[in-house]
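One structure is given below, encoded as structure tokens.
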Amino acid sequence: MEYIPEPRQQLILCCECGTAIPPNPANMCVNCVRSIVDITEGIPKQATVHWCKNCERYLQPPASWLGCDLESRELLALCLKKLRGLTKVRLIDAGFVWTEPHSRRIKIKITIQKEVFTATILQQTFEVEYVVSSMMCPDCTKIMAQNTWKAMVQVRQKVDHQRTFFYLEQLILKHNAHQETINIKEVKGGIDFHFAQRSHAIKMVEFLASMVPTRSKSSEQLISSDTHTSTSNYKFTYAVELIPVCKDDLVSMPKKTANALGQISPLVLCTRVGNAVHIIDFKTLQVAEITGLVYWRQEDITPVCSMRDLKEFYVMDVELLGHKFGRYALADITIQRMADVGRNDNVIIVRSHLGNLLNFGDTVLGYDLLTANINNTNFERLSSDDIPSVVL
């Protein structure tokens, strides 16, 4: 059997230090190539990033501010963009080196490659240190400074319990309608929104009008004027008033207005407030909608009782009458005041729209019109047949 020797790798000597190395186009070992050529030359080892301590955002040149968490992908991309020499090499890897959060230092470990000689690629790893410098962004500067707003929206609701106003606050947060505000100030009866531009204030007024029935008035104040260029500087104020009717309010209106809404009863309940006020006749389950245009044109639809006037009753019996509308069912309900339970037999039979929601033994809230002290012009004009003892 013929012996075949194993092939050996041919080695050459490095032209600089004489170390035996595998053949390569440069005829040099790695250490000698690194001592002659530095591929990190031109890449700064230190840099500065600007950070706003109020909103905790970082400056992305030239003028945009980004919210980034520590050691996040967004912050890594922002830091790498500040190194100008990275465009001349090939980026292989980059990652954060842990530093103390309060040290105001960010360290990044970067691995790059570059062709130094013909068909010779050198890879090198180095660290870059970033100094976090505090700088206030323009948005926070406007908030801290005074009298920088150009337009203001004053939102008010003239009621004791501002249920519609609180509902509108949730809608503003849900749709992020307050994004363009530079300051939000809470005042008696409502909130003031300050804007840097008039168009943002008009957009807010239109948003409020699309969510709930409102009416608004605008005014302007001259700040300065230039007679040479015929330019003037104004501050604009928009006063927005919300409809004073809230959900679950007992509403009274003249018979003429009730007839215009489809022959509905003059005494109704408000079931929901959206872009229109939804009301229901608790005696017949008839429903109607009151738009903002109808309400502000007449202003004769006034709330009689609100949620602060609700009292607790005990349900003794429920007799369904068979008429249903949506989730409501008409019924004759026998109730008793909670103060009279176990003491006397004073029961009240009322007609209500909550027949399918109530059962024997339940407790329910209602307006006790027999003992209530009501000062309302529309309510005083109603006949005794239109006024029930209790409205659930």
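The values are calculated or read from the model by the stated rules, or taken from the named source; none is laboratory data. The shown structure was predicted, so the numbers you read here are calculated from the model rather than taken from an experiment. Quick reminder, even Gly has a Cβ in these numbers, built from the backbone with ideal geometry, and neighbours come from all protein chains shown. Note: areas computed on protein heavy atoms with side chains; ligands, DNA, RNA excluded. Shrake-Rupley method; radii C 1.70, N 1.55, O 1.52, S 1.80 Å.
Contact map, the stretch 341-358: first residue open to solvent by 80 Å² or more (accessible area, probe 1.4 Å), second residue modelled with pLDDT under 85 and of a type in the set (D, E, K, R), Cβ cut-off under 7 Å, separation 6 or more or different chains; pairs are Asn346/Asp340.
In the stretch 130-153, of all residues being surrounded by fewer than 13 Cβ atoms within 10 Å (Cβ to Cβ) and part of a loop (DSSP other than H, G, I, E, B), the one that is modelled with the highest pLDDT corresponds to Ala145. For the stretch 154-211, give me each residue that is under 25 Å from Asp309 (Cα atoms), open to solvent by 30 Å² or more (accessible area, probe 1.4 Å) and assigned to a strand (DSSP E or B). Across the stretch 154-211, the qualifying residue is only Arg156. Number of residues in the stretch 255-270 that are surrounded by 17 or more Cβ atoms within 10 Å (Cβ to Cβ) and not in a strand (DSSP E or B): the value is 6. Listed by first and then second residue, the pairs with beta-carbon distance under 8 Å, at least 6 apart or on different chains, first residue in the stretch 96-107 and under 13 Å from Leu75 (Cβ atoms) and free of Cβ contacts under 8 Å to residues at least 24 places away in the same chain, second in a loop (DSSP other than H, G, I, E, B) and open to solvent by less than 80 Å² (accessible area, probe 1.4 Å), are Lys107/Thr99.
Of the strands (runs of 3 or more DSSP E) lying entirely inside the stretch 28-125, the ones with 3 or more residues being surrounded by 12 or more Cβ atoms within 10 Å (Cβ to Cβ) and in contact with a Phe, Trp or Tyr (Cβ under 7 Å, 6 or more places away or on another chain) are found at 46-52, 57-60, 105-117. Of all the listed residues (Glu56, Glu16, Glu2), the sole one being within 45 Å of the chain's Cα centre (by Cα) and either at pLDDT below 75 or on the phi > 0 side of the Ramachandran plot (or both) is Glu56.
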